[in-house]
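Rule-based calculations on the coordinates, nothing more; no lab input. Just so you know, these numbers come straight off a predicted model, no measurement behind them. Ideal geometry is used to build each Cβ from the backbone, glycine not excepted, and the neighbour counts take in all protein chains shown.
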Amino acid sequence: MSAEVRRILHVDMDAFFVSVELISRPELRGHPVVVGGAGERGVIAAASYEARAYGVHSAMSSVKAKRMCPDLTFLSGDHGVYSDVSRRLMEIFRSHTPLVEPLSLDEAFLDVTGSRKLLGSTRQIADSIRAQVLDQEHLPCTVGVSAKKFISKLASGKAKPQASATGPIPGHGVLVVPPSQELAFLHPLPLRDLWGVGPKTRAKLDRLGISTVGELAALPVTALINCVGQASGQHLHDLANGIDTRPVVPDQELKSVSHEETFSTDIHDREQLECELVRMADAVGRRLSVGNHQGRTINIKVRYLDFTTLSRSITIDHSTDSGRSIAREAKQLLAKVEIKPGVRLLGVGVTNLGGDGSRQLRLGEEVDLWDEAERTVDEIRDRFGSGSIGPAVLAEDGLLRVKEKGQQQWGPSV
C-alpha cells in the first residue's frame, strides 16, 4: 500500500499589522496606510493594499515611501497587540491540527493529512480556517494547499488580493495545487518566486539565459552546481522539480532573544550607549524570564552611519536570564568597540539557549543576593507592569523608560 500523500496548508495573513490596526481605526479604511517608523531612518513594516498601489511595500525606507505616496498615513504599531492576536490565530490553527509550524507572527504551515476524516476535505479545512479567523479576529487571510511546504507557500502568495488605489481586489483566497498539477503550477513561475533565488543568484542564472522555474528545472544539475555552488545548486534543482520532503515541525525551540534600536541621531557618547545597553539588556532578560529561558552567549550589534555593521559576543560559564548580568557582559563587549564615528543602531541579544540558570558555586564563593532581588523585581512587574520597577539608570523625569518587545523595531518616528 502506498503512503498517504501529505496535505500541507500555508496560512498567511493579509497585510497583518495594518489589518490589525484598522480594526481600531476604521476611519482609515480605504486610505493608504503603513505601519513603520515615520522618521528619516524609519522603514515600512506593512502596507495597506491602497498604499501598495503606489509601489509602497515592506522593508522600503519611509523616506522613499513618502515620496511615492505623499498622502501616506503612518502608524507606529504595537508589537504586543500583534503578538496577542498571533497567539489567538495559532490557537485557531491548532483547533484544526496539532501539527502547526509558525513561521512568524502572521503565517504558519499546517499538516492536515490526519484531520481530513474528521474535518472534511483539505479545501473545506482551508475554508473553515479563513471563516473562523474572519469571524473571531475580523482579519483576512489567504491559504495555499499542496503536498509540499514550498508549493503551499507559493500558492498562498498567488491567492492574495491585488493592490489598487480603491482597495484590495479579491484573489482566490484559497488555492489548491493537486500533486498531479505541481509542475504545471511551478514551471511558468519567474525565478524570483523560488526560495533561495536572491539578486546575486538571479544575476548568475540570467547569464545562462534562465528566467523561469521550468527553464531552471531543465538545466542539468551539474551545470547548476557549477553556476551557483553545490548546496544552492542542489537545493534549487530540487525545488524546480517539485522536490521538498521537509515535514511540518511544530513547537520549534527558541534560538535567541534580542532587542535592537535605530536611533534618530547617531550617538557618540559611550555613557549614553551604555545606558541604552542597560535598557535593552533589561528587556531581553525580562523576555527570557517570562519565557522560562536562559542563555550562555551574550552578543551586541553595532551599526554606523555608513551602514557598516559589526557584532561581538562572549560565552559565559553558566546560563542566565539576568538583565544585570547581560548588561555587564554587553558593556564589556562595547568597551572594545570604536564609537567615535557615531552609532546608528545598537542591539543586545542572547543565544545558546538552554539550561535552568543554575551553576555550581566555587569554594568560598558567596550566593549573589542580586539574583534573588531580580526574582522579586520580576514578581513586582508581573503584578504592576513592566514600568513599575527597574534599574535606576532607566529613570527619566520620574518614570522608568523601559524597552518593550518590538519597540523601535522599524526605526524612529522622528
Report task. Please list, in chain and number order, the residues 5+ apart from T73 or on another chain whose amide H is under 5 Å from its amide H, with Hs placed from the backbone. Result -> V33, V34
Report summary line: Per the C-alpha gyration tensor (a ≥ b ≥ c, the square roots of its eigenvalues), segment 108-174 is rounded if a/c is under 1.5, else prolate if a/b beats b/c, else oblate; here it's oblate
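Hull surface divided by four, with the convex hull built on the Cα atoms of segment 103-248: how many nm²?
10.6
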Query raised in the report: When we measure straight from the Cα of K340, which lysines land under 22 angstrom away, once same-chain ones fewer than 8 places off are left out?
Result: K301, K331
Report task. Would you mind classifying segment 187-240 by shape? Square roots of the alpha carbon gyration tensor eigenvalues, ordered a ≥ b ≥ c; an a/c under 1.5 is rounded, otherwise it is prolate if a/b is larger than b/c and oblate if not. Result -> rounded
Query raised in the report: Can you list the lysines whose alpha carbon is less than 30 Å from that of K148, not counting same-chain residues fewer than 8 positions off?
Result: K117, K158, K160, K200, K204, K255
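In whole Å, what three semi-axes, largest first, describe the equivalent ellipsoid of segment 16-79 built from its Cα gyration tensor (square root of 5 times each eigenvalue)?
Ellipsoid semi-axes (Å, largest first): 17, 13, 9.
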Report task. Order the peptides 24-37, 265-278 from the highest to the lowest mean number of other Cβ atoms within 10 Å of their residues. Result -> 24-37, 265-278
Query raised in the report: Based on the Kirkwood radius over alpha-carbon pairs, what value in µm²/s does the Stokes-Einstein equation return for the translational diffusion coefficient of segment 216-275 at 20 °C and 1.002 mPa s?
Result: 132
Query raised in the report: Got a sec? How would C69, C141 order by Cβ neighbour count within 10 Å, fewest to most?
Result: C69, C141
Query - Net length gained if the chain between Q136 and L183 were fully extended (0.36 nm per residue, minus Cα distance) - result: 13.3 nm
